[in-house]
């Protein structure tokens, strides 16, 4: 997922590595993404032809490496964002990253991602019901299971509202 995040941060234009690691960290709720994660990924992207690197002068006279997404990189990013397997459906972060980038995806792909996450959540919700019905969870264990079940239910409600938005946006774009 870190690779998708870094590539997506380049959708807005060229950036230097320091800015990318600060933005990625902020999205994850941290100070910054670690150098040992950011720079090897950027090197991999450059080697793959997904990102172009060029040197530019910094504000204090230093040389900065600037990174920009290539057409090949944009195509790869779109391919990977549209890929949404059971593994991605089980990850809150994978799902939320894609929702945050829905502006780059077509309505059919958006609907498929929403449906797959919703199906995963429905199965999770059912597992919690089975736990509550068949296990002695105790007071505190019951609290945890109820909390998790309610979170799954709340996310399913959010997904239903996202589906309506996708439908509305799809309808409006057809009318235009």
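Laid out as a table, the results:
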| quantity | calculated |
| --- | --- |
| Yes/no for residue 46 being in contact with a strand residue (DSSP E or B) (Cβ under 8 Å, 6 or more places away or on another chain), part of a helix (DSSP H, G or I), farther than 23 Å from residue 111 by Cα and without any contact (Cβ under 8 Å) to a residue 40 or more places away in the chain | yes |
| Test: residue in segment 119-126 that is assigned by TED's automatic domain parsing to the domain that holds residue 167 and assigned to a loop (DSSP other than H, G, I, E, B) | no |
| Test: residue 8 is buried (at least 17 other Cβ atoms within 10 Å of the Cβ), under 28 Å from residue 92 (Cβ atoms) and not assigned by TED's automatic domain parsing to the domain that holds residue 91 | yes |
| Hits in segment 162-172 (condition: surrounded by fewer than 11 Cβ atoms within 10 Å (Cβ to Cβ) and modelled with pLDDT of 90 or more) | 164, 168 |
| Qualifying residue in segment 136-147 (condition: assigned to a loop (DSSP other than H, G, I, E, B), without any contact (Cβ under 8 Å) to a residue 12 or more places away in the chain, farther than 29 Å from residue 47 by Cα and in contact with a helix residue (DSSP H, G or I) (Cβ under 7 Å, 6 or more places away or on another chain)) | yes |
| Condition check for residue 69: touching a strand residue (DSSP E or B) at 6+ places or on another chain (Cβ under 7 Å) and either touching a residue at least 60 places away in the same chain (Cβ under 8 Å) or in the same structural domain as residue 167 (by TED's automatic domain parsing) (or both) | yes |
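The values are calculated or read from the model by the stated rules, or taken from the named source; none is laboratory data. All values reported here derive from a predicted model rather than from experimental measurement. Please note: Cβ atoms are built from the backbone with ideal geometry, for glycine as well, and neighbour counts cover all protein chains shown.
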